[in-house]
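Please read the structure below before turning to the comments.
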Amino acid sequence: MSKNSSEQNLISPLTHREGQGEGLARIDKWLWAARIFKTRSIAADAIKNGRVSIQGMNVKPSRMVKVGEVISVRKPPVTYSFKILKTIEQRVGAKLIPEVYENVTTPDQYELLEMNRISGFVNRQRGTGRPTKKERRALDEFVGPSLEGSFDDFDWDDEDLEND
(Lines give C-alpha, C1' and ligand atoms only; values in the text may rest on other atoms or scores of the structure.)
Protein backbone atom coordinates (compact mmCIF):
# COMPACT_ATOMS: atom_id res chain seq x y z
CA MET A 1 0.00 0.00 0.00
CA SER A 2 1.45 3.33 -1.00
CA LYS A 3 1.62 6.37 1.23
CA ASN A 4 -0.73 8.27 -1.09
CA SER A 5 -3.56 5.71 -0.78
CA SER A 6 -3.29 5.63 3.02
CA GLU A 7 -3.61 9.44 3.08
CA GLN A 8 -6.84 9.19 1.10
CA ASN A 9 -8.35 6.95 3.77
CA LEU A 10 -7.67 9.62 6.41
CA ILE A 11 -9.50 12.40 4.56
CA SER A 12 -12.52 13.61 6.48
CA PRO A 13 -15.91 13.40 4.75
CA LEU A 14 -16.19 17.14 5.44
CA THR A 15 -13.48 18.03 2.93
CA HIS A 16 -14.34 19.02 -0.62
CA ARG A 17 -14.18 16.77 -3.60
CA GLU A 18 -11.74 17.85 -6.24
CA GLY A 19 -13.20 19.70 -9.21
CA GLN A 20 -16.14 20.89 -7.19
CA GLY A 21 -15.17 24.53 -7.02
CA GLU A 22 -13.72 26.29 -4.02
CA GLY A 23 -16.19 26.21 -1.15
CA LEU A 24 -19.32 25.63 -3.25
CA ALA A 25 -22.10 23.04 -3.03
CA ARG A 26 -25.58 22.65 -4.51
CA ILE A 27 -28.19 23.80 -2.01
CA ASP A 28 -30.36 20.67 -2.39
CA LYS A 29 -27.36 18.41 -1.75
CA TRP A 30 -26.18 20.56 1.15
CA LEU A 31 -29.60 20.51 2.86
CA TRP A 32 -29.67 16.72 2.56
CA ALA A 33 -26.02 16.25 3.59
CA ALA A 34 -26.48 18.55 6.60
CA ARG A 35 -29.45 16.41 7.70
CA ILE A 36 -31.98 19.24 7.47
CA PHE A 37 -34.10 17.07 5.16
CA LYS A 38 -34.34 13.29 5.17
CA THR A 39 -33.88 12.84 1.42
CA ARG A 40 -32.46 14.95 -1.36
CA SER A 41 -35.74 14.81 -3.29
CA ILE A 42 -37.63 16.18 -0.26
CA ALA A 43 -35.05 18.98 -0.08
CA ALA A 44 -35.47 19.73 -3.79
CA ASP A 45 -39.28 19.76 -3.45
CA ALA A 46 -39.07 22.16 -0.51
CA ILE A 47 -36.85 24.47 -2.55
CA LYS A 48 -39.17 24.32 -5.57
CA ASN A 49 -42.17 25.11 -3.35
CA GLY A 50 -40.49 28.25 -2.01
CA ARG A 51 -39.80 27.01 1.53
CA VAL A 52 -36.06 27.65 1.28
CA SER A 53 -34.56 31.10 0.80
CA ILE A 54 -31.21 32.84 0.97
CA GLN A 55 -31.25 36.48 2.05
CA GLY A 56 -35.03 36.56 1.60
CA MET A 57 -34.94 35.37 -2.02
CA ASN A 58 -36.29 32.01 -3.16
CA VAL A 59 -33.71 29.82 -4.88
CA LYS A 60 -33.53 26.88 -7.28
CA PRO A 61 -32.25 23.43 -6.26
CA SER A 62 -29.15 23.90 -8.42
CA ARG A 63 -28.12 27.13 -6.63
CA MET A 64 -24.55 26.94 -5.38
CA VAL A 65 -24.04 27.96 -1.75
CA LYS A 66 -20.85 29.05 -0.06
CA VAL A 67 -19.49 29.35 3.45
CA GLY A 68 -20.98 32.21 5.43
CA GLU A 69 -24.39 32.33 3.73
CA VAL A 70 -27.52 32.12 5.88
CA ILE A 71 -30.24 29.78 4.65
CA SER A 72 -33.84 30.10 5.87
CA VAL A 73 -35.94 26.93 5.82
CA ARG A 74 -39.68 27.23 6.48
CA LYS A 75 -41.13 24.17 8.18
CA PRO A 76 -44.47 25.48 9.46
CA PRO A 77 -44.99 26.91 11.99
CA VAL A 78 -41.27 27.74 12.33
CA THR A 79 -38.73 29.30 9.98
CA TYR A 80 -35.30 27.89 10.80
CA SER A 81 -32.11 29.77 9.88
CA PHE A 82 -28.73 28.12 9.36
CA LYS A 83 -25.33 29.72 8.79
CA ILE A 84 -23.13 27.57 6.56
CA LEU A 85 -19.77 26.73 8.14
CA LYS A 86 -18.70 24.08 5.60
CA THR A 87 -20.05 23.20 2.19
CA ILE A 88 -20.54 19.48 1.77
CA GLU A 89 -22.36 17.29 -0.72
CA GLN A 90 -21.93 13.95 1.02
CA ARG A 91 -24.09 13.10 4.02
CA VAL A 92 -22.22 13.03 7.32
CA GLY A 93 -22.92 11.59 10.73
CA ALA A 94 -25.02 13.50 13.23
CA LYS A 95 -21.98 14.09 15.47
CA LEU A 96 -20.28 16.11 12.71
CA ILE A 97 -23.23 18.45 12.10
CA PRO A 98 -21.96 21.23 14.44
CA GLU A 99 -18.96 21.58 12.08
CA VAL A 100 -21.26 21.94 9.03
CA TYR A 101 -23.70 24.67 10.11
CA GLU A 102 -24.63 26.95 12.97
CA ASN A 103 -28.28 27.22 13.93
CA VAL A 104 -29.08 30.96 14.04
CA THR A 105 -32.84 30.59 14.40
CA THR A 106 -34.29 33.37 16.54
CA PRO A 107 -35.69 32.43 19.97
CA ASP A 108 -39.14 33.77 19.09
CA GLN A 109 -39.44 31.03 16.44
CA TYR A 110 -38.86 28.40 19.13
CA GLU A 111 -41.44 30.11 21.36
CA LEU A 112 -43.89 29.85 18.47
CA LEU A 113 -43.12 26.14 18.17
CA GLU A 114 -43.60 25.62 21.91
CA MET A 115 -46.92 27.50 21.87
CA ASN A 116 -48.07 25.29 19.02
CA ARG A 117 -47.18 22.17 21.00
CA ILE A 118 -48.91 23.42 24.14
CA SER A 119 -52.13 24.31 22.31
CA GLY A 120 -52.55 20.71 21.20
CA PHE A 121 -54.19 21.84 17.98
CA VAL A 122 -53.46 19.56 15.06
CA ASN A 123 -53.36 21.58 11.87
CA ARG A 124 -55.19 19.48 9.30
CA GLN A 125 -56.74 20.64 6.05
CA ARG A 126 -60.53 20.52 6.11
CA GLY A 127 -61.85 17.30 4.64
CA THR A 128 -58.56 15.39 4.67
CA GLY A 129 -58.08 12.22 6.63
CA ARG A 130 -60.37 10.44 9.02
CA PRO A 131 -62.14 12.38 11.75
CA THR A 132 -60.74 11.91 15.23
CA LYS A 133 -62.77 10.12 17.88
CA LYS A 134 -63.78 13.47 19.35
CA GLU A 135 -64.82 14.83 15.93
CA ARG A 136 -66.75 11.64 15.18
CA ARG A 137 -68.70 11.90 18.44
CA ALA A 138 -69.47 15.55 17.72
CA LEU A 139 -70.72 14.58 14.24
CA ASP A 140 -72.88 11.78 15.65
CA GLU A 141 -74.30 14.14 18.25
CA PHE A 142 -75.03 16.77 15.61
CA VAL A 143 -76.51 14.44 12.97
CA GLY A 144 -77.93 11.66 15.13
CA PRO A 145 -80.93 13.19 16.94
CA SER A 146 -82.34 14.98 13.89
CA LEU A 147 -82.55 11.82 11.77
CA GLU A 148 -83.63 9.49 14.52
CA GLY A 149 -87.37 9.07 14.70
CA SER A 150 -88.14 11.29 11.74
CA PHE A 151 -89.64 8.39 9.78
CA ASP A 152 -91.11 6.55 12.76
CA ASP A 153 -94.23 8.74 12.85
CA PHE A 154 -94.96 8.35 9.15
CA ASP A 155 -97.71 5.88 8.28
CA TRP A 156 -96.68 4.11 5.11
CA ASP A 157 -100.02 2.33 4.72
CA ASP A 158 -102.05 5.56 4.47
CA GLU A 159 -100.18 6.60 1.34
CA ASP A 160 -100.94 3.27 -0.39
CA LEU A 161 -104.69 3.55 0.36
CA GLU A 162 -105.04 6.99 -1.20
CA ASN A 163 -103.61 5.81 -4.54
CA ASP A 164 -106.09 2.88 -4.93
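The values are calculated or read from the model by the stated rules, or taken from the named source; none is laboratory data. Everything numeric in this text was worked out from a predicted model, so none of it was measured. Glycine also receives a Cβ, built like all others from the backbone with ideal geometry; neighbour counts cover every protein chain displayed. Side chains are part of the model used for accessible areas, which takes the heavy atoms of the whole protein and leaves out ligands, DNA and RNA. Shrake-Rupley method; radii C 1.70, N 1.55, O 1.52, S 1.80 Å.
Stretched out fully, how many nm does the piece from residue 132 to residue 49 gain, at 0.36 nm a residue minus the Cα gap? Could you put the intermediate results ahead of the total?
Details: separation 83, 0.36 × 83 = 29.88 nm, distance 2.94 nm.
Taking 0.36 nm per residue and subtracting the Cα distance, the gain is 26.9 nm.
Considering only Cα-Cα distances, which of the following residue pairs are longer than 25 Å: 75/95; 48/133; 38/75? Before the final figure, lay out each step's value.
On the way: 75/95 23 Å; 48/133 36 Å; 38/75 13 Å.
Where the Cα-Cα span goes over 25 Å, the pairs concerned are 48/133.
Report the label-to-label distance for residue 142 and residue 90 in nanometres (one decimal), using points 7 Å from each Cα along the Cα→Cβ vector.
5.6 nm
For residue 60, what accessible surface area do you get with a 1.4 Å probe? Give it in Å², rounded to 10.
Using a 1.4 Å probe on the heavy atoms, I get roughly 150 Å².
Based on the Cβ-Cβ distance of residue 66 and residue 116, what FRET efficiency does E = 1/(1 + (r/R0)^6) give at R0 = 41 Å, to the nearest 0.05?
Numbers: r = 33 Å, r/R0 = 0.81.
Computed FRET efficiency for residue 66 and residue 116 comes out at 0.80.
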